[in-house]
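Enquirer: Sharing a structure below in structure tokens format, with a few things to ask.
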């Protein structure tokens, strides 16, 4: 009963996250979905993933959303849907029914195998995944630096007007460095 | 209902809600939110599949990878949204299309 009520609450939060006109409210509803999914994961026996989902999904991602919304500003106007609503609902229903039909034969679970611990699986059996995660994180950081770099007009005096022996002002040095960084990205 | 059935139903419903959001919403940040909802359904499905096949740690490992990848996608998507807002003055995805017909 607890599991079903958790599921209903998660689905309610997800629908509210889609329907909420204010972006900030939608981000908070999304954090609610994440927290409830984390509890469901814990009940499933996936304790490590539950903790990661709670800290990353409900914590870090929500902070990111709030930061992005504060930068981009709220847009509370309700825009009409891209495709007609009945068509979208029909497509979604067809996809979900297809997936449910594919899931249906899993009623008889196979015998459970004993296996190694989570640490062994993550660091030894799936070590390549850990490497891929590190690469992904660096790629994400580089991408964000490249995208969020503001376009500032570089002062004309930065290269020509400064004599070789002179000391560069701090701001000019930053501009040169940031433009070099943009070129590299 | 067992916990596995609840997880499978939750995965399906969250996938459906996220897919509807991707299809219907026009606000770029809302699209990222819909993507996040879909990925939460997939995480549930991965862990449920691992639990069903008796390899829950493998399912957990894959779910952790998915969470990291999804967070990076969200970060880049939000940064793109901020940049789109600065450049076009709107978060509407239709404004991104420069071809008018």
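Read-outs: derived from the displayed coordinates by stated rules, not from any lab. The shown structure was predicted, so the numbers you read here are calculated from the model rather than taken from an experiment. Here the Cβ is made from the backbone with ideal geometry for all residues, glycine too, and neighbour counts use every protein chain on show.
Enquirer: Roughly what would the spin-label model give for residue A:24 and residue A:91, points 7 Å off Cα along C-beta, in nm?
Expert: About 3.3 nm separates the two model spin labels.
Enquirer: Could you identify which residue out of B:31, B:82, B:43 has the top mean-square fluctuation in a GNM of chain B using Cα springs shorter than 10 Å?
Expert: B:82
Enquirer: Pairing the Cα long axis of helix B:56-88 with the longest principal axis of chain B, what angle in degrees results, from 0 to 90 and rounded to the nearest 10?
Expert: 10 degrees
Enquirer: A further question follows. Between the helical axis of B:3-24 and the dominant principal axis of chain B, each derived from Cα atoms, what acute angle in degrees is found, rounded to the nearest 10?
Expert: The two axes meet at around 10 degrees.
Enquirer: Is there a simple number for the mean count of other chain Cβ atoms within 10 Å of the Cβ of residues in A:79-86, and what is it?
Expert: 4
Enquirer: Note the angle between two axes, namely the Cα long axis of helix B:28-52 and the longest principal axis of the Cα atoms of chain B, as a number of degrees from 0 to 90, rounded to the nearest 10.
Expert: Approximately 10 degrees, to the nearest ten.
Enquirer: Which order do the peptides A:53-64, B:5-16 come out in when sorted by mean C-beta neighbours inside 10 angstrom, highest first?
Expert: Those peptides, ordered most packed to least, come out B:5-16, A:53-64.
Enquirer: Also, I was wondering about something else. In what order do A:40, B:23, A:97 fall by count of nearby beta-carbon atoms within 10 Å, going from fewest to most?
Expert: By the 10 Å Cβ count, ascending, the order reads A:97, B:23, A:40.
Enquirer: Restricting things to alpha carbons, tell me how big chain B is in terms of Rg and Dmax, in Å.
Expert: When restricted to the Cα atoms of chain B, Rg and Dmax are 16.8, 54 Å.
Enquirer: What is the spin-label model distance, in nm, from residue B:94 to residue A:70 if the labels are put 7 Å beyond Cα along the C-beta direction?
Expert: Modelled inter-label distance: 3.2 nm.
Enquirer: Averaged over A:5-17, how many beta carbons belonging to a partner chain fall within 10 Å of each residue's beta carbon?
Expert: 5
Enquirer: Which of B:54, B:21, B:77 ends up with the largest GNM mean-square fluctuation for chain B, with Cα atoms connected below 10 Å?
Expert: B:54
Enquirer: At R0 = 25 Å, how high is the FRET efficiency between residue B:2 and residue A:98 if r is their beta carbon distance? Nearest 0.05 is fine.
Expert: Calculated transfer efficiency: 0.60.
Enquirer: Shifting gears a bit: Under a plain spin-label model, where a point goes 7 Å from the Cα along Cα-to-Cβ, how far apart in nm are residue A:132 and residue A:79?
Expert: 3.2 nm
Enquirer: 222 nm [θ] for chain B, helices only, -39500 (n - 2.57) per DSSP H run of 4+, per residue, to 500?
Expert: -28500 deg cm²/dmol, from helical runs alone.
Enquirer: Quick one: Cα centre-to-centre distance for region B:1-41 and region A:49-95, in angstrom?
Expert: Rounded to whole Å, the Cα centres lie 9 Å apart.
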